[in-house]
Every structure is written in structure tokens, then in C-alpha cells.
Amino acid sequence: GGANNSTNSSIPAGMALIEAKDSVFKLNGATMQSTSTSFSVNGLTVNLKNVTTTGQTVNFAISNDVDGVYDNIKSFVTQYNAIVTEMNTLYNADNAKGYEPLSEDEKNNLSDSAVEKWETKIKSSLFKNDSTVDSILSGMRTALNSGVKVNGKTYSLATYGVSTSTNYTEGGLLHIYGDSTDGTYAGFQDKLKKALQEDPDTVMQVFSQIGQTLYDTMSKKMASSQVNSAMTFYNDKQ
């Protein structure tokens, strides 16, 4: 629009109207354009601060968020262990032999607390030695202990110090070697953090493939059939 003059009296005196332009910069030879001075490209957030002179090169370094990725993996392990612990508890529950469902007359002759205690005993044993629970647990353990190939080499969670304990009574819980919060394995070499610092791309591919194996395993177990609906483990149609 230009400055205030006889041909453009709509602009206040002493001011000028400058047309906005997109910000333009080159990243590794590729020209980028944006309506903002802050935008994301290839997973990076770039903030433009100044205009460079002709031929000027700006170098900047990026580093991996090792702690952030480590915490995500640790969170997965924690949630996985919680699920395994719950399922192991259900599968190994005490036998409720002799605890048959109460009739209405039997309920009327017992206190509410006694009825609740009786029914809780029955419910807590419903999954004892259940073949479906056993199959799910077995599938999860097999998937997470599987080996995958990346660039011609075979890796597993154990490669990065994520492994089950030698204590069989834990029922397949995972531990991260070197985890400061793990009372048993805190003093072991922290292979996971070392790998995240030195070769994060390979770690990402390994964990992604193992995660996909786990997903595929559970999906197959929840496939629809004549007796059960899709995304269910049990024969809900029966």
C-alpha cells in the first residue's frame, strides 16, 4: 500500500502499509515456506529469529530426548507388568470348591456381609486355571520375548536389558536393567539408555516390530468366529 500520500489518503499520516509475506528458508537445500515464523518440519520445531544475509549458512544441532523415550518404554513395562500381575492372580486364585451359588432361601438365612463374602469367593476363582487366560498370557510372553531382524541383525528386548526375572514366581514380569527404581536390577548395566544414546533408530525399529508382533498376536486371539464376536477373547455368542 505504500506510505500516506496524495494517492493513498486512507492510511493514517506518518504510517505505511506493508504487505505481509510468507517466511522462506532453505533446509538442507530444500526451500521451505510458511505463514508463520514457527513451524514443524521432519519432526523438528523451527523458530526463525532473523533474516540471514545472502550466502549465510546457519548451523544447528539436534539431540535425542533419551530420557523422554526411556520414560515411555518404562511406562509400557509398568503397565504390562500390572496386566500380567492381575491375570496371574486370577489364574492362580484359590480353589472355591464347596462354594456353590447360593439359593434365595440360603441368602435370606445369611447376613448381607456373609452373602457378599461368599459370592466374592466364587467370583475370585472364576478364572482359576482358565485356558483362555493361560493362552493370552502365553501369547503376550512369547511376543515380547520374540526376536526381530533390523538391518540383517537379530534383536530382542533382552538385547537392551529388558528381560524377565530368574524368579519364576513372578510369572513373567519384565525388568529394565539399570532402572534406579528396580530394587533387584538397579545395579545392572543400563543397556537401554546406552542404546538410546548411541543408536536410537535401531531401538525404535526393534520396539516397533515387537509391539506389532504383540498387537498381531492379540488380534488373532480376538478374531471373530461362530462362537465369539470380533475383539473379544471369550465365546460371547454361546
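Being among the aromatic types (Phe, Trp, Tyr) and farther than 30 Å from residue 137 by Cα is a property that holds for residue 39.
All of (1) touching a residue at least 12 places away in the same chain (Cβ under 8 Å); (2) open to solvent by less than 70 Å² (accessible area, probe 1.4 Å); (3) over 20 Å from the mean Cα position of the chain (by Cα) hold for residue 227 with one exception: (1). Tell me, please, whether a residue that is open to solvent by 40 Å² or more (accessible area, probe 1.4 Å), under 22 Å from the mean Cα position of the chain (by Cα), at pLDDT 95 or above and closer than 25 Å to residue 65 by Cβ can be found in segment 161-182. Yes, segment 161-182 has at least one match.
For first residues located in segment 70-84 and without any contact (Cβ under 8 Å) to a residue 24 or more places away in the chain, partners that are in a helix (DSSP H, G or I) and surrounded by fewer than 16 Cβ atoms within 10 Å (Cβ to Cβ) and lie 6+ apart or on another chain with Cβ distances below 9 Å form the pairs 76/211.
The values are calculated or read from the model by the stated rules, or taken from the named source; none is laboratory data. Since the model is a prediction, treat every value here as computed from it, not as a measurement. Backbone-built Cβ (ideal geometry, glycine too); neighbour counts: all protein chains shown. Just so you know, the surface numbers come from the protein's heavy atoms only, side chains and all, with ligands and any DNA or RNA stripped out. Shrake-Rupley method; radii C 1.70, N 1.55, O 1.52, S 1.80 Å.
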